[in-house]
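The values are calculated or read from the model by the stated rules, or taken from the named source; none is laboratory data. On a predicted model such as this, the values are computed, not experimentally measured, just so you know. Here the Cβ is made from the backbone with ideal geometry for all residues, glycine too, and neighbour counts use every protein chain on show.
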Amino acid sequence: MDPITIILLAALVLGYFAWYRPTFLLKPERKRKELVARFEQVTNLNQQLLADMQQYAQKNNLLDKPFIEGDSFRNKITELQAARDEFFSEENYLGLRARNPKHLDLQLMTKTLDDQILYHERIQKALNKHKNTPATN
(Lines give C-alpha, C1' and ligand atoms only; values in the text may rest on other atoms or scores of the structure.)
Protein backbone atom coordinates (compact mmCIF):
# COMPACT_ATOMS: atom_id res chain seq x y z
CA MET A 1 0.00 0.00 0.00
CA ASP A 2 1.19 3.45 -0.74
CA PRO A 3 1.57 5.98 2.10
CA ILE A 4 -1.35 8.16 0.93
CA THR A 5 -3.80 5.25 1.17
CA ILE A 6 -2.54 4.39 4.65
CA ILE A 7 -2.90 8.02 5.73
CA LEU A 8 -6.45 8.20 4.33
CA LEU A 9 -7.47 4.97 6.07
CA ALA A 10 -5.92 6.17 9.32
CA ALA A 11 -7.77 9.48 8.96
CA LEU A 12 -11.05 7.63 8.41
CA VAL A 13 -10.50 5.44 11.47
CA LEU A 14 -9.51 8.42 13.60
CA GLY A 15 -12.49 10.39 12.29
CA TYR A 16 -14.80 7.53 13.23
CA PHE A 17 -13.47 7.40 16.78
CA ALA A 18 -13.30 11.18 17.13
CA TRP A 19 -16.80 12.09 15.91
CA TYR A 20 -19.16 9.20 15.32
CA ARG A 21 -18.36 6.70 18.06
CA PRO A 22 -18.35 9.12 21.02
CA THR A 23 -21.89 10.25 20.21
CA PHE A 24 -22.91 6.59 20.04
CA LEU A 25 -21.30 5.91 23.42
CA LEU A 26 -22.20 9.14 25.18
CA LYS A 27 -25.93 8.94 24.53
CA PRO A 28 -26.41 5.72 26.55
CA GLU A 29 -24.07 7.10 29.22
CA ARG A 30 -26.10 10.30 29.50
CA LYS A 31 -29.33 8.30 29.55
CA ARG A 32 -27.92 6.04 32.27
CA LYS A 33 -27.00 9.07 34.39
CA GLU A 34 -30.52 10.45 33.96
CA LEU A 35 -31.92 7.09 35.06
CA VAL A 36 -29.67 7.05 38.12
CA ALA A 37 -30.98 10.49 39.11
CA ARG A 38 -34.59 9.39 38.53
CA PHE A 39 -33.96 6.18 40.48
CA GLU A 40 -32.63 8.21 43.41
CA GLN A 41 -35.65 10.55 43.19
CA VAL A 42 -38.17 7.70 43.30
CA THR A 43 -36.24 5.90 46.04
CA ASN A 44 -36.39 9.04 48.19
CA LEU A 45 -40.07 9.49 47.38
CA ASN A 46 -40.73 5.88 48.40
CA GLN A 47 -38.87 6.26 51.70
CA GLN A 48 -40.59 9.53 52.59
CA LEU A 49 -44.05 8.30 51.62
CA LEU A 50 -43.59 5.11 53.63
CA ALA A 51 -42.49 7.06 56.69
CA ASP A 52 -45.36 9.56 56.36
CA MET A 53 -47.99 6.86 55.88
CA GLN A 54 -46.74 4.73 58.76
CA GLN A 55 -46.55 7.68 61.11
CA TYR A 56 -49.97 9.06 60.14
CA ALA A 57 -51.75 5.70 60.20
CA GLN A 58 -50.26 4.65 63.53
CA LYS A 59 -50.80 8.02 65.17
CA ASN A 60 -54.48 8.05 64.15
CA ASN A 61 -55.07 4.30 64.56
CA LEU A 62 -55.91 3.91 60.86
CA LEU A 63 -53.75 0.95 59.79
CA ASP A 64 -56.75 -1.27 59.04
CA LYS A 65 -59.08 1.51 57.86
CA PRO A 66 -59.93 2.05 54.17
CA PHE A 67 -57.45 4.26 52.38
CA ILE A 68 -57.43 4.07 48.56
CA GLU A 69 -58.73 1.72 45.86
CA GLY A 70 -60.44 -0.46 48.49
CA ASP A 71 -57.15 -1.09 50.28
CA SER A 72 -56.32 -0.27 53.86
CA PHE A 73 -53.38 1.81 54.97
CA ARG A 74 -51.64 -1.41 56.00
CA ASN A 75 -52.03 -2.89 52.49
CA LYS A 76 -50.68 0.23 50.76
CA ILE A 77 -47.77 0.39 53.19
CA THR A 78 -47.03 -3.27 52.40
CA GLU A 79 -47.18 -2.50 48.65
CA LEU A 80 -44.77 0.40 49.06
CA GLN A 81 -42.40 -1.80 51.07
CA ALA A 82 -42.58 -4.46 48.35
CA ALA A 83 -41.78 -1.82 45.71
CA ARG A 84 -38.85 -0.68 47.82
CA ASP A 85 -37.54 -4.22 48.18
CA GLU A 86 -38.10 -5.20 44.54
CA PHE A 87 -37.28 -2.04 42.59
CA PHE A 88 -35.25 0.21 44.86
CA SER A 89 -32.77 -2.29 46.24
CA GLU A 90 -29.09 -1.58 46.64
CA GLU A 91 -28.38 -4.26 44.03
CA ASN A 92 -30.51 -2.49 41.42
CA TYR A 93 -28.96 0.86 42.31
CA LEU A 94 -25.42 -0.47 41.94
CA GLY A 95 -26.36 -2.22 38.69
CA LEU A 96 -27.76 1.00 37.29
CA ARG A 97 -24.68 2.96 38.33
CA ALA A 98 -22.31 0.42 36.73
CA ARG A 99 -20.56 1.72 33.66
CA ASN A 100 -21.93 -0.92 31.34
CA PRO A 101 -25.09 0.49 29.77
CA LYS A 102 -25.23 -2.17 27.06
CA HIS A 103 -26.60 -4.61 29.64
CA LEU A 104 -29.46 -2.29 30.55
CA ASP A 105 -32.72 -1.99 28.73
CA LEU A 106 -32.83 1.79 29.03
CA GLN A 107 -36.35 2.12 27.63
CA LEU A 108 -37.72 -0.50 30.04
CA MET A 109 -35.96 1.15 32.99
CA THR A 110 -37.36 4.54 31.99
CA LYS A 111 -40.89 3.14 31.69
CA THR A 112 -40.63 1.32 35.02
CA LEU A 113 -39.37 4.40 36.84
CA ASP A 114 -42.02 6.60 35.21
CA ASP A 115 -44.72 4.13 36.30
CA GLN A 116 -43.35 4.11 39.85
CA ILE A 117 -43.33 7.91 39.98
CA LEU A 118 -47.00 8.02 38.94
CA TYR A 119 -47.90 5.28 41.42
CA HIS A 120 -46.16 7.04 44.31
CA GLU A 121 -47.63 10.43 43.39
CA ARG A 122 -51.14 8.93 43.31
CA ILE A 123 -50.66 7.50 46.81
CA GLN A 124 -49.16 10.78 48.03
CA LYS A 125 -52.18 12.72 46.75
CA ALA A 126 -54.54 10.26 48.43
CA LEU A 127 -52.63 10.60 51.70
CA ASN A 128 -52.72 14.40 51.50
CA LYS A 129 -56.45 14.29 50.78
CA HIS A 130 -57.00 11.90 53.67
CA LYS A 131 -55.04 14.15 56.03
CA ASN A 132 -57.10 17.19 54.99
CA THR A 133 -60.47 15.45 55.39
CA PRO A 134 -61.95 16.56 58.73
CA ALA A 135 -63.72 13.23 59.36
CA THR A 136 -60.41 11.36 59.67
CA ASN A 137 -58.56 13.85 61.84
(request) Please identify the pairs in which a residue from segment 59-87 that is in a loop (DSSP other than H, G, I, E, B) has its Cβ atom under 7 Å from the Cβ atom of a residue that is crowded, with 17+ Cβ neighbours inside 10 Å, counting only partners at least 6 apart or on another chain. (result) Leu62/Phe73; Leu63/Ala57; Leu63/Phe73; Lys65/Phe73
(request) Might you let me know whether segment 34-47 holds any residue that is at pLDDT 90 or above, assigned to a strand (DSSP E or B) and surrounded by 11 or more Cβ atoms within 10 Å (Cβ to Cβ)? (result) no
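Looking at segment 98-111, can you tell me whether even one residue there is surrounded by 14 or more Cβ atoms within 10 Å (Cβ to Cβ) and of a type in the set (Gly, Ala, Ser)? Walk me through how you get there before you give the answer.
Within segment 98-111, the first condition is being surrounded by 14 or more Cβ atoms within 10 Å (Cβ to Cβ), and the residues that meet it are 101, 104, 106, 109-110.
Going one step further and asking which of them are of a type in the set (Gly, Ala, Ser), we end up with none.
Within segment 98-111, none of the residues are surrounded by 14 or more Cβ atoms within 10 Å (Cβ to Cβ) and of a type in the set (Gly, Ala, Ser).
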